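Reviewing the structure listed below.
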Number of protein chains: 2
Amino acid sequence: MTVPFDELKSEFNRVLLSLNFRQDKAEDIAQIFAENSRDGVYTHGLNRFPTFVQYVKDGQIAPDAEPTKEGGLGSLEQWDGHFGPGILNAKFCMARAIELANENGIGCVAIKNTNHWMRGGTYGWQAAETGMIGICFTNTIANMPPWGGVDPVLGNNPLIISVPRKEGHVVLDMAISQYSIGKLNLYKSQGKELPLPGGYDKDGHLSTDAAAILESQRVLPVGFWKGSGLSLVLDLLATIFSQVRSIDAITGGGPESGLSQVFIAIKPIGTKTNELIEEIIKYTKTSRPEKDGGEVFYPGENTLRTRAKSLQEGVWVEENIWEKVRNL
Amino acid sequence: MTVPFDELKSEFNRVLLSLNFRQDKAEDIAQIFAENSRDGVYTHGLNRFPTFVQYVKDGQIAPDAEPTKEGGLGSLEQWDGHFGPGILNAKFCMARAIELANENGIGCVAIKNTNHWMRGGTYGWQAAETGMIGICFTNTIANMPPWGGVDPVLGNNPLIISVPRKEGHVVLDMAISQYSIGKLNLYKSQGKELPLPGGYDKDGHLSTDAAAILESQRVLPVGFWKGSGLSLVLDLLATIFSQVRSIDAITGGGPESGLSQVFIAIKPIGTKTNELIEEIIKYTKTSRPEKDGGEVFYPGENTLRTRAKSLQEGVWVEENIWEKVRNL
């Protein structure tokens, strides 16, 4: 079923106020959860909201926490999120990175002791909306084996890179696993086969069965050894920048919390930016489609289509989760 | 056969001096070409040297060119490489990014009008040697189709991320294609099968035959649609930062030249850096090996082994290419 965007947001807002979130914070969080569903990232919109509420009730998320600056040098700042809502901490950090980039061309803000930021793309869109290039990534609980190993000791550390563009921002939002854990759960719950192998089953065979992959915990890194290496270095960077709690410690601590995240904003400087972006997008689309009637898309292009559809026809919701939230 | 490192370097130096390179420049270029072979990146060491020499003779590489600063803001600088040797321009830019990071926490240097930097990892090692985190990437001639398309309109834009570490730096050096073009050529020349699919043959089937993939030009991006998106955004970033010549223009211009590259250095700040890095490396290695007697490696670990072996037993060279260089 579908629900109007405003109704979705207003339900989130109501629940958040009942949990004693300050009005402006409730508003910001409700907006972003609703936007995530609106843009088609259901796993980190409505579907994740009940978990968020539970974490607040369990005291794992501190509704009132405000980030404080702990250290840094010049355009590189280290903040402490004090276990506040990941969404608010992340939004704050990207805004701060943008301020630094406005002054100094580039800004990098790392935050420790934060919580899940839901859809990483949110903060890429945020940077792009201000005309900035945005780069951000997060560590996660261990959920992916390294290349050559079977036990999950790496995170699938989502990486976001966004480029502002008048006709629609380019926003790459990718987990370093071939499929995000949310995506695997979605395929599992719908009983659908993955279009391409997403990991190994427990017998060590490449598999398109999401349930078998989730069971073996052998999620595939993008590009096999390459994604394994990329995940490791992103873990190192997030941990070094924030100076706290490596993936080992995060994973040992029960439910995923105390994450580290990194936000970089870069100011496009020069008069040819728009023209060059259009040249590249146009050139990319000259590649003949593999399938009849197929098309080559840039990252973020389909988000805009989903967004337009959601605003026109209502945001798609899973009925039972929607009912659950209405009863919170 | 193998050749002592010093002999390899000295041959390169001799040839470069004969091409009228200034002594210090010849020394730097010879050192890096020799190091690339020493570290096992043969495709961008000795094997590529004759091509480099030819490009100098053809006037595509200007031996005397010095980079000049063109613009920027604060910690973000834009330079022009004036078609000088890619190795020297890249080394200069990473050194400049390190200076900026020393002053301001983070430094980002973009260069336009440069040439192939050979092994991207060189500049990651360079940053790590000074205790800095290094990130760099380059655009390339179009050599990889986007997801959903068949014509190569994206570059496989190598991405390097390095982390300084007392016991051996962590250096990720990856092309965004599953196998670099150099690696595919190596497998083709040796008639060996790729361990995992590296692209599509001309009938559109995933293939482990390097020759068939090079023929179809349908090299596989890491993680299918994800690498396709990552390549596109790296192209956008390199082009926006340098404000010149998109991949379309590079590809249209004959042999690969006039590239744009981006170099970022970040200063690790805090007292726990080493301890946290060791914690992550150690934790990663706790993953039980997939195969009996197998091992989980971090990026850069095997480079150190190859390096030690090369220094002890001599650097491996392809005999016919070595002869060719000795006769240049």
Worksheet item: What is the calculated FRET efficiency for B:Asn274 to B:Leu196, with r their C-beta to C-beta distance and R₀ = 41 Å, to the nearest 0.05?
Response: 0.75
Fill in: Unit charges on C-beta of K, R, D, E only; dipole of the stretch A:77-203, Debye
260 debye
Item to complete: State, to one decimal in nm and shortest first, how far the label point of B:Gln54 sits from each corresponding label point in the other identical copies (label point: 7 angstrom along Cα-to-Cβ).
Response: 6.3
Worksheet item: Between A:Ala211 and B:Asp58, what FRET efficiency follows from the Cβ-Cβ distance if R0 is 51 Å, with the result rounded to 0.05?
Response: 0.30
Discussion item. Cross-link candidates for B:Lys309: which lysines have Cα within less than 19 Å, leaving aside residues fewer than 8 places away along the same chain?
Written reply: B:Lys9
Worksheet, complete the sentence: With label points set 7 Å from each Cα along the Cα-to-Cβ direction at B:Ser18 and A:Glu319, the distance between them in nm comes to 8.1 nm
Worksheet item: Which residue, A:Asp39, A:Asp292, A:Asp203, tops the fluctuation ranking in a GNM of chain A built on C-alpha contacts under 10 Å?
Response: A:Asp292
Fill in: Filter on A:Lys226/B:Lys112; A:Lys282/B:Lys188; B:Lys91/B:Lys188; A:Lys166/A:Lys285; A:Lys166/A:Lys291; A:Lys166/A:Lys272 - keep pairs with C-alpha separation over 21 Å
A:Lys226/B:Lys112; A:Lys282/B:Lys188; B:Lys91/B:Lys188; A:Lys166/A:Lys291
Worksheet entry | Sum of -39500 (n - 2.57) over DSSP H runs of 4+, divided by residues of chain B (222 nm, nearest 500) | -13500 deg cm²/dmol
Worksheet item: Any idea how far apart B:His82 and B:Thr51 come out in nm if each label point goes 7 Å out from Cα toward Cβ?
Response: 2.6 nm
Worksheet item: Nm distances between the label at B:Leu17 and the same-position labels in the remaining copies, 7 Å along Cα→Cβ, shortest first?
Response: 8.2
Item to complete: About the Cα centre of the protein assembly as shown, how large is the charge dipole given +1 on each Lys and Arg Cβ and -1 on each Asp and Glu Cβ? Please answer in debye to the nearest 20.
Response: 40 debye
Worksheet entry | the stretch A:121-240, relative contact order in percent, only Cα pairs under 8 angstrom and at least six apart counted | 26 percent
Worksheet item: What gaps in nm, shortest first, separate B:Pro255 from its twins in the other copies when you place the label 7 Å past Cα toward the beta carbon?
Response: 6.2
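Taken together, the values in this text are just the output of simple stated rules run on the coordinates, not laboratory data. Given the structure is predicted, the values throughout are model-derived calculations rather than measurements. Please note: Cβ atoms are built from the backbone with ideal geometry, for glycine as well, and neighbour counts cover all protein chains shown.
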